[in-house]
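Chemist: Pasting a structure below so you can have a look.
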Amino acid sequence: MLEGGRIGARQAVFLMVSMVLPTAFLFVASVTSHLARQDGWISILLATLAALLIARLAVSLSLRFPGKTLFQFTEEILGRWPGKAVTLLYIWWYIHMNAEIVRQFGSFVVSAFMPETPIIFIELLITAIAAYAVRNGLEVFTRVNEIVLPLILGSVVIIIFLVTPEMNMKNLLPVFEYGAVPVIKGAVMPAAWMGEIVTMAVLIPYLSRAEEAHRIAAAATLITGFFLAVTQVIDIAIFGPEITAGWLFPALNEIRMIHLANYLERLEAIQMGIWVAGGLVKICVFYWAAALGSAQWLELKDYKPLVLPLGAILLAMSITLHDSILDLFDFLGRYWGPYALTIFIAGIPLLLLAVAAARGRGGSPG
Amino acid sequence: MKKVLAFLALLVIGAGIMSGCWSRKELNELAIVLGVGVDRTPDDQVQLTLQLARPSAFVGGGEARGREPATWVVSETGKTVLDAQRKLALRISRNIYWSHCVIAVVGEDAARSGIRRYISFFAQAPQPRETMWFLVARGKAGDILESRSILEKTSAQDIGFLARARTGYSVNFKDFLVMLATKGSNPIAARVEIIGRGVVPGAPAMEKSVEEEGPALTGTAVFRGETLAGWLDESETRGLLWLRGEVLKGIISIPSPAEPGKEMSIDIIRGRTIVKPRYDGESVWFDVEIIVEGDLLEQQSKDELPEREALEAIERAMAGEVEKKARLALEKAQAEFGADLFDFGVAFHRKYPKKWKEIKDRWNELFAGAEVRFSVEAHLRRSGLIAKRLTPRE
């Protein structure tokens with residue numbers, strides 16, 4: 001076995017939430033308010049539904065091949081060389097996605113807090129820490145996450161209570177002003193984000209009890225969807241759709257609005273904490289998936305030698321992919337959703353499931 | 001041995017990384033901006049005025065330091081706000097730091113020529129905060145920042161406290177941005193000007209008493225789109241507050257129903273405004289329902305309070321006074337500015353989203369012609385500590 005770790009059901013739910021929420025919390029409201037305006041929260045609910053279906057799909061597919069990851073059973077379904085080609089695509093996707101995430105991480109810290117610091121310095125630090133965690137294996141960053149995620153969710157809840165005086169729920173009216181089309185358009189990006197739950201297909205062999213996978217994926221998706229929808233509602237209630245769509249990081253501006261009794265204010269440090277801690281876990285998950293996938297693709301006995309080279313690629317890509325934060329946002333808002341959704345999150349898994357069923361590969365889904 | 005080497009390597013690397021952050025901001029290297037003023041110069045440039053804190057004046061509270069001015073006001077012109085700031089940086093020995101800015105004031109000329117270009121920096125740059133108070137100066141914004149405060153350390157804090165007391169209509173920067181970005185809403189902000197505020201008595205036999213001038217919030221600046229359309233005075237601002245349904249503090253003064261020529265004053269405890277947009281396929285009108293509750297705290301007359309008839313007469317007079325103020329503001333908005341200052345368009349948008357699409361671009365004209373029907377309900381809840389008048393019966 002390449003990865004000797006085993007994680008329990010609760011650990012897995014936590015990990016899957018941390019894999020999506022920290023970055024989504026910060027970015028999604030801007031894009032959904034731009035497209036769906038005050039109905040953005042409906043977009044999030046739609047996206048949650050879509051993500052539940054995707055989770056169902058990925059887990060069903062994976063459970064047909066007990067003990068095998070996405071990178072292994074693809075070969076079993078499609079045959080050796082076609083399988084290897086598809087797996088290579090997934091490895092590329094994990095590296096590319098992670099490079100985007102590292103860039104988002106760096107962009108946020110530099111734009112909002114440390115404008116004079118070179119972005120590569122911040123990205124280097126986070127990548128180095130992630131590399132260390134990934135070398136130590138799945139169980140290590142899963143346990144870190146068991147400490148981190150409750151803190152993140154706790155601070156989000158506290159923030160929600162503290163900003164209530166600024167909120168005006170009437171901003172959410174009128175509902176469905178522009179009909180269903182903008183709402184569906186607005187759902188694409190969050191669906192792609194939450195659809196990262198497809199990573200369950202890599203994680204399932206390392207669950208202590210694989211039969212709980214359906215429940216784990218559904219629980220993680222619902223928790224993520226709930227927090228995203230609440231954030232969306234709050235941002236619209238505070239700023240209205242026009243201003244929310246204008247901010248780069250609506251959640252940051254939301255926290256900056258907190259001022260209670262002329263005393264409790266300037267709490268962005270909490271936001272920074274959420275971002276750094278949660279972002280680290282998120283980067284670790286995809287980093288680990290990429291390393292594991294590459295090792296399985298190359299049929300190595302260990303993925304550890306691949307961690308540092310992958311880190312170098314990650315860092316280099318994150319710097320070269322985009323010239324500016326505006327380019328990054330344009331890419332995420334316009335292209336990332338369709339690109340990730342149609343190919344990696346829904347397209348290939350559907351195809352794999354169809355082929356597996358047709359060729360009678362794998363056991364019946366659990 | 002290997003472990004020791006690894007540990008040493010970690011120490012060396014750590015020493016390099018942890019000796020300080022890249023973007024550190026040390027307090028003694030910062031010039032903290034307390035208030036900022038933006039004006040338009042006659043040749044269409046931006047004049048930036050900063051009120052900076054002098055940290056030494058904030059240390060301790062000793063009498064000896066009492067005379068040391070707490071602020072330093074600097075001003076410079078440039079093509080943009082940042083351009084002017086860059087020029088200022090040439091003569092300010094510390095880094096200009098915006099995060100603690102309490103107020104942002106825009107001068108009258110700048111506001112009249114379209115405010116957007118003067119305020120974009122404050123929304124876009126990460127340092128200035130959305131919670132700072134946003135005001136429009138009658139005259140030049142720079143003059144406001146050059147003023148002094150008697151009660152507070154700086155005039156910026158003074159104005160901040162005035163705005164926070166919400167006796168008039170004060171908005172923070174976020175509120176202003178939202179109003180500016182929303183169709184069916186015209187931005188408004190508190191008006192600030194320098195007026196004679198009081199007298200500072202001199203020390204005995206040493207100095208004369210000095211007339212003191214200082215900043216005061218004297219009404220509301222009214223925009224049509226992004227340009228300043230005019231002002232509402234204090235009395236009209238009361239009406240504006242009623243129509244926008246903002247939390248109110250203040251006094252309603254009414255003539256005594258029993259004794260003409262004498263007045264009574266009621267302290268407002270709470271008020272509520274419900275605006276119902278109406279549309280019957282042709283015309284647009286609004287039903288405005290105002291509920292006001294107050295305590296009677298002063299009476300020059302001799303009305304018998306416990307009598308129900310007297311109470312009802314007072315309540316009717318209260319309602320009449322509130323409606324009068326509201327109509328005053330409404331008339332000015334409709335006839336003089338032709339601008340919807342009360343977010344009626346936003347309410348209409350929420351109730352009739354389909355119709356809104358057709359009319360949103362000519363909303364201000366429609367608003368100017370719209371009928372508004374008032375129904376005001378007033379309640380006198382308490383009468384201070386007195387149940388009966390204190391004057392003797394005849």
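Chemist: Taking segment B:196-209, which residues are of a type in the set (A, V, I, L, M, F, W, C) and either touching a Ser or Thr at 6+ places or on another chain (Cβ under 7 Å) or open to solvent by 60 Å² or more (accessible area, probe 1.4 Å) (or both)? Even if it seems obvious, please write down each step before you answer.
Modeler: Initial filter on segment B:196-209 (of a type in the set (A, V, I, L, M, F, W, C)): B:199-200, B:203, B:205-206.
Once the filter is applied, which keeps residues that are of a type in the set (A, V, I, L, M, F, W, C) and either touching a Ser or Thr at 6+ places or on another chain (Cβ under 7 Å) or open to solvent by 60 Å² or more (accessible area, probe 1.4 Å) (or both), segment B:196-209 yields B:199, B:200, B:205, B:206.
Chemist: What's the total number of residues in segment A:251-309 that are of a type outside the set (D, E, K, R), within 14 Å of another protein chain (Cβ to nearest Cβ) and open to solvent by 20 Å² or more (accessible area, probe 1.4 Å)? Write out each step before concluding.
Modeler: Looking only at segment A:251-309, we keep the residues that are of a type outside the set (D, E, K, R), and these are A:251-253, A:255, A:257-264, A:267, A:269-281, A:283-298, A:300, A:303, A:305-309.
Then keep just the ones that are within 14 Å of another protein chain (Cβ to nearest Cβ); that gives A:251-253, A:255, A:257-264, A:267, A:269, A:271-272, A:276.
Keeping just the survivors that are open to solvent by 20 Å² or more (accessible area, probe 1.4 Å) gives A:259-264, A:267, A:269, A:272, A:276.
Residues meeting the conditions: 10.
Chemist: Considering only residues that are buried (at least 19 other Cβ atoms within 10 Å of the Cβ), closer than 16 Å to residue A:102 by Cβ and in contact with a Leu (Cβ under 9 Å, 6 or more places away or on another chain), which ones fall in segment A:330-366?
Modeler: None; the set is empty.
Chemist: A follow-up question, please. Tally up the residues in segment B:210-249 that are outside any helix (DSSP H, G or I), open to solvent by 20 Å² or more (accessible area, probe 1.4 Å) and either touching a residue at least 12 places away in the same chain (Cβ under 8 Å) or under 26 Å from residue B:288 (Cα atoms) (or both), please. First the steps, then the outcome.
Modeler: Residues of segment B:210-249 that are outside any helix (DSSP H, G or I), as a first pass: B:210-233, B:245-249.
Those left that are additionally open to solvent by 20 Å² or more (accessible area, probe 1.4 Å): B:210-213, B:217, B:224-227, B:229, B:231, B:233, B:245-247, B:249.
With the extra rule that they be either touching a residue at least 12 places away in the same chain (Cβ under 8 Å) or under 26 Å from residue B:288 (Cα atoms) (or both), the set shrinks to B:211-213, B:217, B:224-227, B:229, B:231, B:233, B:245-247, B:249.
Counting residues in segment B:210-249 that are outside any helix (DSSP H, G or I), open to solvent by 20 Å² or more (accessible area, probe 1.4 Å) and either touching a residue at least 12 places away in the same chain (Cβ under 8 Å) or under 26 Å from residue B:288 (Cα atoms) (or both) gives 15.
Chemist: Residues being more than 19 Å from residue A:71 (Cβ to Cβ) and outside any helix (DSSP H, G or I): count how many of those fall in segment A:1-16. Before the answer, list the steps.
Modeler: At the first step, the residues of segment A:1-16 found to be more than 19 Å from residue A:71 (Cβ to Cβ) are A:8-11, A:13-14.
Then drop every residue that is not outside any helix (DSSP H, G or I), which leaves A:8.
Number of matching residues: 1.
Chemist: If a residue has to be surrounded by fewer than 17 Cβ atoms within 10 Å (Cβ to Cβ) and either touching a residue at least 60 places away in the same chain (Cβ under 8 Å) or within 14 Å of chain A (Cβ to nearest Cβ) (or both) to count, how many in segment B:306-323 make the cut?
Modeler: 3
Chemist: Just name the residue that is nearest to residue A:270 (Cα to Cα) out of those in segment A:123-161 that are of a type in the set (Val, Ile, Thr) and open to solvent by 20 Å² or more (accessible area, probe 1.4 Å).
Modeler: First pass over segment A:123-161, keeping only residues of a type in the set (Val, Ile, Thr): A:126-127, A:129, A:134, A:140, A:142, A:144, A:147-148, A:152, A:156-160.
Remaining after also requiring open to solvent by 20 Å² or more (accessible area, probe 1.4 Å): A:129, A:140, A:144, A:147-148, A:157-158, A:160.
Details: A:129: 20, A:140: 24, A:144: 18, A:147: 15, A:148: 13, A:157: 12, A:158: 10, A:160: 13 Å.
Within segment A:123-161, the match that is nearest to residue A:270 (Cα to Cα) is A:158.
Each row is one residue, and each column tells you yes or no for (1) modelled with pLDDT of 85 or more; (2) within 14 Å of another protein chain (Cβ to nearest Cβ); (3) under 27 Å from the mean Cα position of the chain (by Cα).
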residue	(1), (2), (3)
B:331	yes, no, yes
B:334	yes, no, yes
B:339	yes, no, yes
B:348	yes, yes, yes
B:351	yes, yes, no
B:358	no, yes, no
B:361	no, no, no
B:367	yes, no, yes
B:371	yes, no, no
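Chemist: Okay, next question. Any idea which of A:26, A:15, A:53, A:49 is of a type outside the set (S, T, N, Q) and within 22 Å of residue A:242 (Cβ to Cβ)?
Modeler: Working: A:15 fails: within 22 Å of residue A:242 (Cβ to Cβ); A:53 fails: within 22 Å of residue A:242 (Cβ to Cβ); A:49 fails: within 22 Å of residue A:242 (Cβ to Cβ).
From the options A:26, A:15, A:53, A:49, the qualifying one is A:26.
Chemist: Could you check, for segment B:286-298, whether at least one of its residues is within 24 Å of residue B:367 (Cβ to Cβ), touching a Pro at 6+ places or on another chain (Cβ under 8 Å) and modelled with pLDDT of 85 or more?
Modeler: Within segment B:286-298 (the criterion being within 24 Å of residue B:367 (Cβ to Cβ), touching a Pro at 6+ places or on another chain (Cβ under 8 Å) and modelled with pLDDT of 85 or more), the answer is yes, since at least one residue qualifies.
Chemist: Residues of segment A:188-224 being small (Gly, Ala, Ser) and either under 12 Å from the mean Cα position of the chain (by Cα) or open to solvent by 10 Å² or more (accessible area, probe 1.4 Å) (or both), which ones?
Modeler: A:191, A:192, A:195, A:208, A:210, A:218, A:219, A:220
Chemist: Being under 14 Å from residue B:53 (Cβ atoms) and small (Gly, Ala, Ser) is the filter; apply it to segment B:150-172 and report the residue that is nearest to the other protein chains (Cβ to nearest Cβ).
Modeler: Step one: filter segment B:150-172 for residues under 14 Å from residue B:53 (Cβ atoms), giving B:152-158, B:160.
Checking which are small (Gly, Ala, Ser) leaves us with B:155-156, B:160.
Numbers: B:155: 18, B:156: 15, B:160: 9 Å.
Ranking the candidates gives B:160 first.
Chemist: Quick test for you: out of B:72, B:133, pick the one residue that is open to solvent by 30 Å² or more (accessible area, probe 1.4 Å), closer than 19 Å to residue B:191 by Cα and not aliphatic (A, V, I, L, M). Please lay out each step first, then the result.
Modeler: Working: B:72 fails: closer than 19 Å to residue B:191 by Cα.
Only one candidate qualifies: B:133.
Residue-by-condition table, conditions (1) assigned to a loop (DSSP other than H, G, I, E, B); (2) farther than 22 Å from residue B:369 by Cβ; (3) within 26 Å of the chain's Cα centre (by Cα):
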{"site": "B:253", "(1), (2), (3)": "no, yes, yes"}
{"site": "B:267", "(1), (2), (3)": "no, yes, yes"}
{"site": "B:270", "(1), (2), (3)": "no, yes, yes"}
{"site": "B:281", "(1), (2), (3)": "yes, no, no"}
{"site": "B:287", "(1), (2), (3)": "no, no, no"}
{"site": "B:297", "(1), (2), (3)": "no, yes, no"}
{"site": "B:301", "(1), (2), (3)": "yes, yes, no"}
{"site": "B:309", "(1), (2), (3)": "no, yes, no"}
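Chemist: Of the residues A:231, A:244, A:224, which is among the hydroxyl-bearing types (Ser, Thr, Tyr), part of a helix (DSSP H, G or I) and within 14 Å of another protein chain (Cβ to nearest Cβ)? Steps first, answer last, please.
Modeler: Values: A:231 fails: within 14 Å of another protein chain (Cβ to nearest Cβ); A:224 fails: within 14 Å of another protein chain (Cβ to nearest Cβ).
Selected residue: A:244, the only one of A:231, A:244, A:224 that is among the hydroxyl-bearing types (Ser, Thr, Tyr), part of a helix (DSSP H, G or I) and within 14 Å of another protein chain (Cβ to nearest Cβ).
Chemist: Continuing with the same structure: Which residue out of B:120, B:147 is within 14 Å of another protein chain (Cβ to nearest Cβ), open to solvent by 10 Å² or more (accessible area, probe 1.4 Å), outside any strand (DSSP E or B) and of a type in the set (Ser, Thr, Tyr)?
Modeler: Working: B:147 fails: within 14 Å of another protein chain (Cβ to nearest Cβ).
One residue alone meets the criteria, B:120.
Chemist: Let me ask something additional. If I ask for residues that are over 20 Å from the mean Cα position of the chain (by Cα) and either closer than 21 Å to residue A:199 by Cβ or among the β-branched types (Val, Ile, Thr) (or both), which ones from segment A:320-349 would you list?
Modeler: Residue satisfying the conditions is A:320 alone.
The values are calculated or read from the model by the stated rules, or taken from the named source; none is laboratory data. What you see is a predicted model; the values in this text were computed from it and never measured. Quick reminder, even Gly has a Cβ in these numbers, built from the backbone with ideal geometry, and neighbours come from all protein chains shown. Accessible surface is based on the protein model in full, side chains and every heavy atom, while ligands, DNA and RNA are left aside. Shrake-Rupley method; radii C 1.70, N 1.55, O 1.52, S 1.80 Å.
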